[in-house]
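Working notes, beginning with the structure itself.
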Amino acid sequence: MYKSKFVFCDGEDEYEGYTDGELWNGWANVFFTREQLVEMLDSLPYDYRFCEANSVLNNRNFPILIVYFEDEEIIESSPFYADDLETLVEGYCFEGFEFMEVK
């Protein structure tokens, strides 16, 4: 996993995230920390909320993110190892979303 910058296929704004360098159907597999997600989602016109593990709205054993795009999208937490490969961070994988890595 390494840190990089990403853009949506139809956008210009760059967002910091992590990737394993793999593609899904031509799009980058992007992982965001909670902090990176908040920064990105606050710049977009969509409502969102995090639901902590084992809460009233989330009976899972891990946090989830709910984003209200055209429909409600639930994105499960996907912890990953950050740059130092020793620190497991709370992350969210946006596999299959139309992100491109900025090289």
Considering region 17-34, residues that are more than 10 Å from the chain's Cα centre (by Cα) and of a type in the set (D, E, K, R), and then whichever is surrounded by the most Cβ atoms within 10 Å (Cβ to Cβ), we arrive at Asp20
The correct count of residues that are part of a strand (DSSP E or B) and more than 19 Å from Asp83 (Cα to Cα) in region 1-52 is 10
The residue that is farthest from Pro79 (Cα to Cα), considering only those in region 2-41 that are among the β-branched types (Val, Ile, Thr) and touching a residue at least 12 places away in the same chain (Cβ under 8 Å), is Val7
Picked from region 56-70 (must be at pLDDT below 85 and not aliphatic (A, V, I, L, M)), the residue nearest to Leu88 (Cα to Cα) is Phe62
Test: Glu95 is acidic (Asp, Glu) and closer than 17 Å to Trp27 by Cβ: yes
Matching residues in region 53-78 (in contact with a Phe, Trp or Tyr (Cβ under 8 Å, 6 or more places away or on another chain), surrounded by 14 or more Cβ atoms within 10 Å (Cβ to Cβ) and assigned to a loop (DSSP other than H, G, I, E, B)) number 2
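The values are calculated or read from the model by the stated rules, or taken from the named source; none is laboratory data. Everything numeric here is computed off the predicted structure, so don't read it as measured data. Here the Cβ is made from the backbone with ideal geometry for all residues, glycine too, and neighbour counts use every protein chain on show.
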